[in-house]
1. What's the center-to-center distance, using Cα atoms, between the range B:196-211 and the range A:5-21 in Å?
2. Roughly how large is the A-B contact in terms of buried accessible area, totalled over both chains, probe 1.4 Å, nearest 100 Å²?
3. At a 1.4 Å probe, what is the % contribution of carbon and sulfur to the accessible area of the protein assembly as shown?
4. Distance between Cα centroids, the range A:277-306 to the range A:241-264: provide it in whole Å.
5. Checking buried surface per residue: for the range A:32-64, which residues lose a minimum of 50 Å² accessible area in the protein assembly relative to the chain alone (1.4 Å probe)?
6. Mind listing the long-range amide H neighbours of A:Gly124? Cut-off is under 5 Å, sequence gap 5 or more, other chains count too, H placed in the peptide plane at 1.01 Å from N.
7. On average, how much accessible surface per residue is there in the range B:18-119, in Å², for a 1.4 Å probe, leaving out ligands, DNA and RNA?
8. Which of these, A:Thr273, A:Thr52, A:Thr111, has the largest mean-square fluctuation under a Gaussian network model of chain A (Cα springs below 10 Å)?
Amino acid sequence: MTPTIEATGLRKRFGRTVALDGLDLVAEPGQVLAVLGPNGAGKTTFVRTVATLLRPDAGELAVAGHDVRREPGAVRRVIGLAGQYAAVEPAMTGRENLHLVARLFGQDGRTARASSARVLDLLGLTGAADRLARTYSGGMRRKLDLGASLVGAPRLLLLDEPTTGLDPRSRIELWDAIGALVAAGTDVLLTTQYLDEADHLASRIVIIDHGRVVAAGTPGELKQRAGRNVIEVHTRDRAALARAAAGLAGPGQDQPQVEEATRRVRVAVAAGTDPLRDALGALDAAGIAVEDISLRPPTLDEVFLALTGQGLEQPTETAAGHPAA
Amino acid sequence: MASIPAPVPVPAGRSAGLAASTVGIARRGLLKFLRTPQLVVVGTIQSALFLLIFRYVFGGAIGAGGLDYVDFLVPGFITTGLLFAGMGAAAGVAEDLEQGFVDRLRSLPIPRSAVLAGRAMADTALLVWSLAITSAVGFAVGFRLHGGLADALAAFGLLLVFGFAFEWMFITLGLFAGTPQAAQGLALMVFPLTFVSSAYVPVESMPGWMQAFAEHQPVTVMVDAVRVLTQGPAAEALLGHGAGFYVTRALAWSAAILAVFVPLAVARYRRG
């Protein structure tokens, strides 16, 4: 089967900034592919290249078998793009916005009305359909933007940081909407800097950094690849943190990490439950009061750290509801 | 969340043609204007105030030879009003770029030229509106036609061509500016064109070095064309040339402006 996206040695630079540095990536049909990476990793450049908004400097890129440089028109017929900004017209109603895009997709008036109504229904916007988009909340606008990328019934949906800046509730609603689309058989390419988002939505994750792929696999595989489980201890007293760290050094496979602010100590351990028993023993022997202790697989943040030697930049706006994973 | 929709039946090779896409995009531009009352009301009040101030405050101090000052002023007022109305396009284009609306359009299977053509079409429709308003205000404060009706209609048409040409300059500025604020700033560069012209005062009243510019620049030529077309022989006597002289020059300027800015805008737009 023709891959949905096939990128080989893709390069793009802006002046002296290298945005894509020989990116290789294949997305198979039936997949939700998340491109995960910190700010400036090249995620948006990649999506814009797939969307034919940017021409690659070098390398090959085909979307559903169509070369983005030679057949951009064919590519545009199979994609739908929803961006970081809600690109809807505030002075038009939700319905009018969708109708405009449907018409631009070449649908006749009747088809455009039907597909607009269907998308409004899918996104739960029917009640607000005839209000001007300028009266919508941020989450509703983002949904409408997603809707605009759907009215053309694209084979491949491109979502560039679809939930950036949304409040937690809107974010989960948008996730549900995306999940419903995926269930209906739309392929999705999603960029995000939120690990939980990639974990939640994607069947395959590609981690990129400095314009190259540093790791790829299913969420489970990537966690596996980073290998080890993590023991995390929450102490009752701040004063006990250093002693807890010393105690965990025994069962741990690397240097225990102390997080003063949350009174937590974290250490990577070998597979199995033995390390947990050893850790409990060590803490007990040192007489440390423990609030709670957990043995868990690594988070994607820890995976990224293990694979690239640096952590993901965490977004600072806690209002957006993305505290450090 | 409602039930999953059945896939929309999609005709093969679908895409909207140039005309249909241009009209769709133009319609959006018009709706944006009509549904933003600030734009409609503020623009109208602003131009009315402007005319009242020149007509009644400065008018007494400005001599316009054989013409009543109001008959001298209103053609200038209408012409410059056209440019002031067109300025909004620069910020509008920059805003569409910044907020991703242009990206959305560029990712659709439509002819790329439709985006700019639709913009220019909507903006030109707004110019008709602006022309109608400024003309009405002009007549209300005493402006009268002293030439034929056909000439007056020709002036109206010529103004539209001229406004359309400048529209492309503003679109180009908007495409290059980066942000709406910068676009607005760049668009202010029409101020020297509008004020260092014969729009409000006779060019002869300016210092010699300035006259050289004022005499030949497009706004003066356009304003004088409207004067001759609407005021007939009195304006010809004052300005020194007949309608043909000014009309051909106004058309030449419009063509030159289009020849520079349309390719620039298209090239900038294609580059993304």
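1. Value for the Cα centre distance between the two parts: 55 Å.
2. Values: alone 15130 and 13400 Å², together 25190 Å².
By this definition, chains A and B bury close to 3300 Å².
3. Answer for the protein assembly as shown is 59 percent, counting heavy atoms of protein chains only.
4. 8 Å
5. SASA drop of 50 Å² or more in the range A:32-64: A:Leu53.
6. B:Ala2
7. Working: 3980 Å² over 102 residues.
Here the residues of the range B:18-119 average 39 Å² of exposed surface.
8. A:Thr273
The values are calculated or read from the model by the stated rules, or taken from the named source; none is laboratory data. The shown structure was predicted, so the numbers you read here are calculated from the model rather than taken from an experiment. Note: ideal-geometry Cβ built from the backbone for every residue, glycine included; neighbour counts use all protein chains shown. We work out accessible area using only protein heavy atoms, side chains counted, and drop any ligands, DNA or RNA first. Shrake-Rupley method; radii C 1.70, N 1.55, O 1.52, S 1.80 Å.
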